[in-house]
Amino acid sequence: MLLQFNFKNYKSFRDDTTLDLTATKISEFNNHVISIANEHVLPVAAIFGANASGKSNVQEAFRYMATYVIHSLNYGGDESSAKKKKSEFFKPTPFLFDTTSKKAESLFEVYFMDPEENGAKTYNYGFTVNTTGVCEEWLNYKSKSSRGAYRKIFYRNGDKYDFSGLPAKSQDNLKIALEKETLVVSLGAKLKIAKLKFVRDWFLNNDFADFGKPIENYFLSRLIPEGFAESKDVQKKVVDYFAAFDPSIIGFNVETYKVDNDEDEHLKIDAIHRMNDSDQTVSIPLQHESAGTLKMFALYPMLQDVLSNGGVLFIDELNARLHPLLVRTFIITFLDLNINAKHAQLIFTSHDSWQLNGSMLRRDEIWFTEKDSSGVSNLYSLADFVDEDGVKIRKDENYEKNYLLGKYGAIPTLKHLDMFKEE
């Protein structure tokens, strides 16, 4: 489980920023809290804020970190022996609106926990990176029974390395093969060093969906659940899933076909509906279904994956094209620990203020982003927020009303569109 994500100098977030999924000592919805070893962890974090306040950049920061970990073996090294040209790598996007941060490194760090059946160890992994490559990288851990400091597995600072927590036979291989642009964890996973492969695999176990980007939205709408094309049982599970919000779909027809000069097989998926005036059925191409139905179809494979494996699912604009009650049902799936037995986590952004009505989320599950006059985004939770009198928010307040009134910040500054007024 993800305990904490820290980042700095990434896009609109110039300063140290923390998204903390450990539970605070508040009294509401104690059934949400997952207790493992010495940790008390939350399954959901909801991020609200004005347009362009930085909500999406929280997800993008984690996605950058995950992408770098998974793919950094592709960065660095000679592109060809003739040119001796360094290959491109995934450069970070620092805060660009002051000269210091524009040239400074970006930081990404996570604290996460192994499942209890695997020992419930807690890991701290992070790195800093700039436009030339990795500056620092570290990995530490502590055992389930430990309440003290973390123990070092490795530390890297420039071209200096301390691999003392790794097997001796692996240390020389790392030093020989490591490039400036490549992460130790990525290389170690390739070399089958168990402690490093474990960290890389933790990042692989998480999923991302950004429904605010048309290209990604198009791609997501064409994802299908694992085994969907071959298995009627999988198709039946998808029908049951749809029944929660669209009972008109009673099945699917799946056909494979090939296009001329294309060796790959393609799928033609039709949704089966029952006719109103008879027992007959009619088939409709899946892509002709509503935008909301297509979005829920796109979410199914990721939901299936994280609920089965206990990963983290990041969704930008969860509310887009979905009815509020359907969004509520989706969130409750993660809050219901009978369904969410593997302790999957959901981190999502939204503009729907009804989710702030106090009947579903704890104060420490509610987060806000706000951008100041310098263009710097800040991230803070409702549990930590204090009003102008220095008083924390009570659990019996009307969060939705007070948010829309601007009490918690993170709302747009509105003006009349006077530019359309006739002279």
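Where a number appears in this text, it was derived from the coordinates with a stated rule and is not lab data. Predicted, not measured: the structure shown is a model, and the values here were computed from it. Because the Cβ atoms are built from the backbone with ideal geometry, glycine has one as well, and the counts that use them run over all protein chains shown.
Structural remarks
- Options Tyr75, Asn276, Leu187, ranked by Cα towards positive dipole end of the chain, top entry (Cβ charges): Leu187
- Most simply put, the chain has about 80% antiparallel DSSP beta bridges, counting only bridges with both residues inside it.
- Full extension of the chain between Lys180 and Arg222 gives 11.4 nm of extra length, using 0.36 nm per residue less the Cα-Cα distance.
- Volume per residue of the convex hull around the Cα atoms, evaluated for the chain, comes out as 246 Å³.
- Only Lys, Arg (+1) and Asp, Glu (-1) charged, at Cβ; the range 210-295 dipole about Cα centre in debye: 320
- Summarising the label geometry, the points placed 7 Å from Cα in the beta-carbon direction at Asn402 and Ala229 lie 5.3 nm from one another.
- Cleavage-rule hits (GluC sites (Glu not before Pro)) in the range 185-265: DSSP loop, at most 14 neighbouring Cβ within 10 angstrom: Glu226, Glu230, Glu263
- The residue list Ser146, Pro247, Gln59 was ranked by how far each Cα lies along the charge dipole of the chain toward its positive end, using unit charges on Cβ atoms, and Ser146 comes out on top.
- 222 nm mean residue ellipticity, helices alone, for the chain (DSSP H n ≥ 4; -39,500 (n - 2.57); rounded to 500): -7500 deg cm²/dmol
- Net dipole in debye of the range 1-70 [+1 Lys, Arg Cβ; -1 Asp, Glu Cβ; about Cα centre; nearest 20]: 220
- For the chain, built as a Gaussian network whose Cα springs stay under 10 Å, the top-fluctuating residue of Gly227, Gly126, Gly358: Gly227
- Anisotropy class of the range 81-235 from Cα gyration tensor, a/c 1.5 cut: oblate
- Over all orientations, the range 210-295 has a Cα convex hull whose mean projected area works out to 7.1 square nanometres.
- Take the Cα of Lys268, step 7 Å toward its Cβ, do the same at Ser143, and the gap between the two points is 6.1 nm.
- Comparing Leu337, Phe297, Met360 along the charge dipole axis of the range 293-409, the residue lying farthest to the positive side is Phe297, per the Cβ-charge model.
- Alpha-carbon centroid distance for the pair the range 1-71 / the range 259-336, whole angstrom: 26
- Residues of the range 221-248 with an amide N closer than 13 Å to a point placed 7 Å from the Cα of Gln287 along the Cα-to-Cβ direction: 221-223.
- Given charges at beta-carbon only (K, R positive; D, E negative), |dipole| of the chain in Debye: 1620
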